[in-house]
1. Quickly run through the stretch A:149-167 and pick out the residues that are of a type in the set (Val, Ile, Thr) and either in a helix (DSSP H, G or I) or at pLDDT 85 or above (or both).
2. Considering the stretch B:115-132 alone, what residues qualify as being open to solvent by 30 Å² or more (accessible area, probe 1.4 Å) and within 10 Å of chain A (Cβ to nearest Cβ)?
3. Please work out which residue is farthest from the other protein chains (Cβ to nearest Cβ), limiting yourself to the stretch A:317-346 and to residues that are among the small types (Gly, Ala, Ser) and surrounded by fewer than 20 Cβ atoms within 10 Å (Cβ to Cβ).
4. Taking into account only those residues within the stretch A:154-170 that are among the hydrophobic types (A, V, I, L, M, F, W, C) and within 10 Å of chain B (Cβ to nearest Cβ), which is most open to solvent (accessible area, probe 1.4 Å)?
5. Give the residues of the stretch B:286-313 that are open to solvent by less than 30 Å² (accessible area, probe 1.4 Å), within 12 Å of chain A (Cβ to nearest Cβ) and more than 22 Å from B:THR57 (Cβ to Cβ), sorted by residue number.
6. What are the residues in the stretch B:32-62 that are touching a residue at least 12 places away in the same chain (Cβ under 8 Å), open to solvent by 90 Å² or more (accessible area, probe 1.4 Å) and in a loop (DSSP other than H, G, I, E, B), if any?
7. B:LEU109 - would you say it is more than 23 Å from B:PRO179 (Cα to Cα), assigned to a helix (DSSP H, G or I) and open to solvent by 60 Å² or more (accessible area, probe 1.4 Å)?
8. Which residue, of B:VAL269, B:VAL274, B:VAL333, B:VAL286, is among the hydrophobic types (A, V, I, L, M, F, W, C) and at pLDDT below 90?
Amino acid sequence: MTATVTPTVQPGSSAASKLVKRIATARETGILVALLLVILFATISNPTFLFSGDGFRDLLLTPSLLLLVAVGSAIVIITRNVDLSVGSIVGLTAYLTGRLFIDIPGIPLIGVFVGGVLLGGLLGLINGSLVAFARVPALVITLGTMYVYRGINVAWTGSDRINASDLPPDFRALGTDRILGIPILTIIAVVVLVVAAWYLRNLRSGRELYAIGSDPAAAHLYGLRVTRRVIGAFVTSGALAGLAGVLYAARYGTVSSGAGFGWELQAIGAAVIGGVAISGGVGTVWGAAIGAFLLLTINRALPILGIDDFWQRAVVGVLILGAIVLDRVLAVRQHRRLIAQREETR
Amino acid sequence: MTALTDAAPARTYKAHAKPAWRRVLLTRESAIIAILILVIVVALATVRNFDSPLTVTYLLRDIAPILLIALPMTLIIITEEIDLSVASIVGLSSVMTGILTQAGVPFPLAALVAVLVGTIAGAFNGFLITVVGLPSLAVTIGTLALFRGIAVGLLGTTAITEFPEEWTDLAKANLPGTPIPMIMIPFVVLAIIFAVVLHFTPFGRSLYAIGLSKEAAAFSGIDVGRTKFLLFVVSGAVSGFAGVYFTLLYSNARGDNAMGMELQVIAAVLLGGVSIFGGRGALHGVIAGVLLIGTLGSALRLASVSSDIINVITGLLLIVSVVSSSLLAWLQVRRASAIGKRKGRADASSDPS
């Protein structure tokens with residue numbers, strides 16, 4: 001498991017073979033292979049799954065929104081916390097997006113994006129501050145804010161809803177347009193993913209998130225700024241959910257008070273399937289992103305494979321369980337290997 | 001010097017000792033019960049129709065599944081675990097009840113099988129958590145999706161609404177001459193059993209021990225794995241029973257029954273003073289917590305406050321209650337250390353040696 005983060009260096013192996021070995025043993029490879037197999041079988045059964053314009057677009061578009069939320073959830077889970085309020089944040093910012101266009105005619109697109117991300121970040125800041133300063137478990141706090149944010153959302157929306165006609169055409173175009181055949185939403189999501197992955201892998205503050213998640217007490221004793229980092233993780237998660245909310249409005253056009261309902265569990269599920277350990281300190285946002293793609297691709301593939309899509313959630317459940325059992329097996333093996341190594345060097 | 005160190009702990013103890021009535025009244029559980037009574041009194045005085053027997057009946061009927069499931073959930077959270085799959089088990093049990101009844105199986109047998117399915121689902125959770133050794137949060141997020149998926153997969157979007165009338169009538173019936181629904185009988189029986197087991201048996205004490213320190217509990221001879229396995233099995237069985245009741249009450253078996261109820265149960269348990277870190281909590285607090293959420297919701301609905309505001313209040317209640325208790329603990333530590341320092345100075349000045 002930890003092998004994906006700090007691969008054990010074998011003396012005398014070339015850079016190329018090391019790379020091959022790393023890819024072959026990476027936790028994300030398994031889930032990526034599963035995703036490719038699903039796409040392969042669905043395409044064999046029905047070539048339009050991949051090879052029609054709509055098929056290809058749907059394959060990329062729908063998971064892109066969940067990807068953003070899943071990346072945020074992965075960052076929070078890596079610090080050994082959890083954010084149950086992201087679905088509610090998506091709903092609130094999606095409605096805010098519509099309201100901004102209605103209430104401020106002619107508002108520039110960038111203003112709407114900034115508004116959504118700021119609101120999401122602010123809601124994340126509330127989560128993070130409560131978790132970090134009041135020393136209350138994130139599960140409890142975000143369970144509470146999940147109710148509060150969703151309640152505010154429903155109270156604000158009422159029976160009202162945003163319709164596609166309320167949104168300017170160039171904003172709606174964002175949800176459907178493509179550059180070089182790739183949907184703009186997917187490009188935005190992938191850029192965010194690359195930035196997050198680079199940050200977690202290369203920057204000191206990113207590495208500290210792993211240290212905090214592995215052992216919060218040790219990280220504190222070592223002098224890491226645990227409070228600041230944990231708040232930062234929640235703000236990031238909230239801001240990404242906010243961005244997903246803005247894009248939700250662009251993608252679907254209609255926003256009711258139920259937007260983003262249940263996304264928190266999907267995002268956590270995506271992260272867990274992608275190898276982010278719920279006990280903190282382990283995993284990558286790449287894994288969470290592939291998990292998000294797998295979750296939603298299965299949903300579309302099942303009917304094509306001749307299975308009612310009612311069974312999607314059961315398949316997702318099996319996937320989550322399979323992923324955590326695999327994690328456990330790998331962790332036990334790693335543990336045994338380390339003990340064996342220690343015996344040898346003695 | 002020796003005389004001083006002997007005397008000091010006794011004096012410190014005396015400084016912190018509170019009269020028994022203050023210790024009882026200042027617990028988390030008493031606070032929740034006090035708030036519950038306050039809400040009831042205010043609602044009786046200000047909300048029209050809150051005092052009608054029908055309000056009581058509907059309130060108790062609707063929160064009965066949450067009351068039931070909160071009992072095993074309390075025990076599970078005290079051992080520092082969690083069960084997110086309970087509402088999915090309710091849905092699965094509801095679907096099993098419906099399918100078997102539709103297939104012509106006599107209702108009592110169908111209900112029994114549904115409870116059994118819930119028990120097996122709980123055992124599956126328990127197996128993955130205790131035998132395979134996985135974290136319960138991750139396992140039950142997985143089985144939350146799995147059990148719900150099986151329930152939805154079996155029935156699709158169809159719903160089964162035909163149930164023997166004598167049984168649906170029983171689920172809706174009240175105790176003769178009172179506005180209290182019959183479902184309160186099994187609940188009270190279960191609550192007494194759970195309370196006695198948790199608070200008056202070595203097994204109950206071992207749950208607190210496990211929650212405080214799994215390792216220490218194991219060293220003192222508690223079979224941690226078997227204990228936790230048992231709790232998840234019981235949680236599955238009670239959720240299965242709640243599923244049968246849910247089906248009868250609304251004469252409706254659907255795959256998405258009781259969706260999201262796991263979070264309501266957990267919110268109520270935490271509100272009732274059970275620590276998510278394990279090792280702390282009491283059943284009377286939890287029951288008061290469920291009743292508080294239910295009563296508040298019912299009173300606000302009667303006062304035609306929208307259900308969204310009720311959600312906001314539920315969430316705020318949960319946050320304020322946990323934040324305030326952690327704040328109180330922090331203040332207590334600070335005060336204790338301040339007293340300690342003062343005492344240290346006083347002792348030092350009186351005894352310069």
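1. Initially, the stretch A:149-167 is screened for residues of a type in the set (Val, Ile, Thr), giving A:152, A:154, A:157, A:162.
Scanning the stretch A:149-167 gives A:ILE152, A:VAL154, A:THR157.
2. B:PHE124, B:VAL132
3. This residue is A:ALA340.
4. From the stretch A:154-170, those among the hydrophobic types (A, V, I, L, M, F, W, C) are A:154-156, A:162, A:164, A:167; that's our starting set.
With within 10 Å of chain B (Cβ to nearest Cβ) added as a condition, the list becomes A:154-156.
Values: A:VAL154: 33, A:ALA155: 50, A:TRP156: 108 Å².
Residue satisfying both the conditions and the ranking: A:TRP156.
5. Listed by number, the residues that qualify are B:ASP308, B:VAL312.
6. Correct list: B:ARG48 only.
7. Considered against the rule, which asks whether it is more than 23 Å from B:PRO179 (Cα to Cα), assigned to a helix (DSSP H, G or I) and open to solvent by 60 Å² or more (accessible area, probe 1.4 Å), B:LEU109 comes out as yes.
8. On the way: B:VAL269 fails: at pLDDT below 90; B:VAL274 fails: at pLDDT below 90; B:VAL286 fails: at pLDDT below 90.
Just a single option satisfies the conditions, and that option is B:VAL333.
The values are calculated or read from the model by the stated rules, or taken from the named source; none is laboratory data. Predicted, not measured: the structure shown is a model, and the values here were computed from it. In this analysis, Cβ positions are derived from the backbone assuming ideal geometry, glycine residues included, and neighbour counts consider all displayed protein chains. Quick note on the areas: whole protein, heavy atoms, side chains included, nothing else; ligands and nucleic acids left out. Shrake-Rupley method; radii C 1.70, N 1.55, O 1.52, S 1.80 Å.
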